[in-house]
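Worksheet: one structure, shown below.
The values are calculated or read from the model by the stated rules, or taken from the named source; none is laboratory data. In this text the structure is predicted, and so the values were computed from the model without any measurement. Here the Cβ positions follow ideal geometry from the backbone for every residue, glycine too, while neighbour counts run over all protein chains shown. Calculation scope for accessible area: heavy atoms of the full protein, side chains included, ligands and nucleic acids excluded. Shrake-Rupley method; radii C 1.70, N 1.55, O 1.52, S 1.80 Å.
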Amino acid sequence: MPSTTSVLSTYTTFAASAMLVKTVLNEVQNLTNQFIPQQLREKILAKFEGLMGNSSSQMTLVIDEKNGLSINEMFEASEIYLRTKISPSVLRLKVSKAPRDKTFSITINNGEKIIDTFEDIEVIWQMICTETQKTTSDYDGYLNSEKMSKTIKEEDKVLKLQPLGHYHENVNLNHPSTFDTLAMDPTLKKEIMDDLDRFGKRRTFYKRVGKAWKRGYLLYGPPGTGKSSLIAAMANHLKFDIYDVELTSLQSNSELRRLLVSTANRSILVIEDIDCSSDLQNRQAGGHNEGNSEVTLSGLLNFIDGLWSCCGDERIIVFTTNHKDRLDPALLRPGRMDMHIHMSYCTPGGFKILALNYLGLTNHFMFTEIEKLITEVEATPAEIAEELMKSEEPEVALKGLIKYLHLKKIEHVKANIEGEKDIGAEEEESQEIKVEPETKGRRTNKRNARRGRMRR
């Protein structure tokens, strides 16, 4: 964002230039009064006045809330800056506070003015709200230091969760998940955090190599392994808002583009259950939609890494799926989904984090047995957490978890035995099917041979 100094310096330069031109104009006027006839003098002065335009020393800067579909960052920064400049002279203020907001949101009301001073230049701020009629062409188409604005914004920021579809109401993202509380293998967790931190520091790098400042993550694994919790932890770690993209509610590729372009920078776009959220046609199979009647795979890919991918900075795109093998390979290549994260069943390391979160334990003599059982059965972090929540007494909760894991182990063994029986039965049936025609044929041949002998 441009700083206060750069914007107001431009204004100061313009004002100084205007004063210089006015001085020159006065000198010219004195000379013309002496040596140039009145009619010719009037024509020359008219030309100078035309260059000057309005001779007033005042200038108006209009900062619109949006620039087409994109959010005007100067408008947002100006609102934050003006909160620090509200004085008793302001008669009407708008005050709001959503549930769990850290602070009140205070902005000046429509028509109110705030008088500010910058380097002896008086600046009058005024909020003006107007209603405009949106047309199709609309969709085609801060003052103060950046550091001060960004600091205030980060301190007061309440993360938002906003669905992208027919309804755009947003709610506060109060999800408590963080990387500290996330039940995940510590090595994988650190790898993800390092990748996110590296991404956030690479504005210059992405510009130098000619790539859009974005990164894609694919979270795949069974239900209950913490995919949604990881997304919330990523948002809390980066202080990014989340946009939940519901593909089934969209009617066309153009609607998808319009919604995605309208999202703010420093945000996470989430498409959950990508394998079943929309019947995306396989581009390699030559599928297409006549009349552009629904979202296609090509339309989605074009926004992820096509020309439309450069419409925004510092964005993260997350796909989640329970079945990675069902996804079109075009979605999975680097540049679209840069990092594939397998959300596996609970590991011993994940269990220790859950035990610390729910029971406040870092070690216990039952841990050894539990960790051994966890490596032998498939239990999700959600299942482990549910068992630990059943009692606030650590001994009781851990005993209940051990009993639960033993039952899952027995079920797992039974399932394997039943599976082996089914496989054996299928093989036996297959052998009978092959033998039966051969036996039947031999019996028929024997009967025919007896009949032949009787005829003789």
| task | Take Tyr243 and decide whether it is in a helix (DSSP H, G or I), among the aromatic types (Phe, Trp, Tyr) and not assigned by the TED database to the domain that holds Glu386. | result | no
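Quick grid of which residues meet (1) modelled with pLDDT of 70 or more; (2) touching a helix residue (DSSP H, G or I) at 6+ places or on another chain (Cβ under 7 Å); (3) open to solvent by 50 Å² or more (accessible area, probe 1.4 Å):
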residue	(1), (2), (3)
Gln39	no, no, yes
Leu51	no, no, yes
Leu61	yes, no, yes
Gly68	no, yes, no
Ser78	yes, no, no
Ala98	no, no, no
Val123	yes, no, no
| Failed condition for Phe240, given (1) open to solvent by less than 20 Å² (accessible area, probe 1.4 Å); (2) more than 14 Å from the chain's Cα centre (by Cα) | (2)
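Each row is one residue, and each column tells you yes or no for (1) over 24 Å from Met184 (Cβ atoms); (2) open to solvent by less than 90 Å² (accessible area, probe 1.4 Å).
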position: Phe367; (1), (2): no, yes
position: Ile370; (1), (2): no, yes
position: Glu376; (1), (2): no, yes
position: Ser391; (1), (2): yes, yes
position: Pro394; (1), (2): no, yes
position: Lys399; (1), (2): yes, no
position: Leu405; (1), (2): no, yes
position: Lys409; (1), (2): no, yes
position: His412; (1), (2): no, yes
| field | Whichever residue in region 330-355 is of a type in the set (D, E, K, R) and more than 12 Å from Ile317 (Cα to Cα) and, among such residues, is surrounded by the fewest Cβ atoms within 10 Å (Cβ to Cβ) | value | Arg333
| query | Out of curiosity, is Gly221 surrounded by 17 or more Cβ atoms within 10 Å (Cβ to Cβ), in contact with a strand residue (DSSP E or B) (Cβ under 6 Å, 6 or more places away or on another chain), on the phi > 0 side of the Ramachandran plot and assigned by the TED database to the domain that holds Leu331? | reply | yes
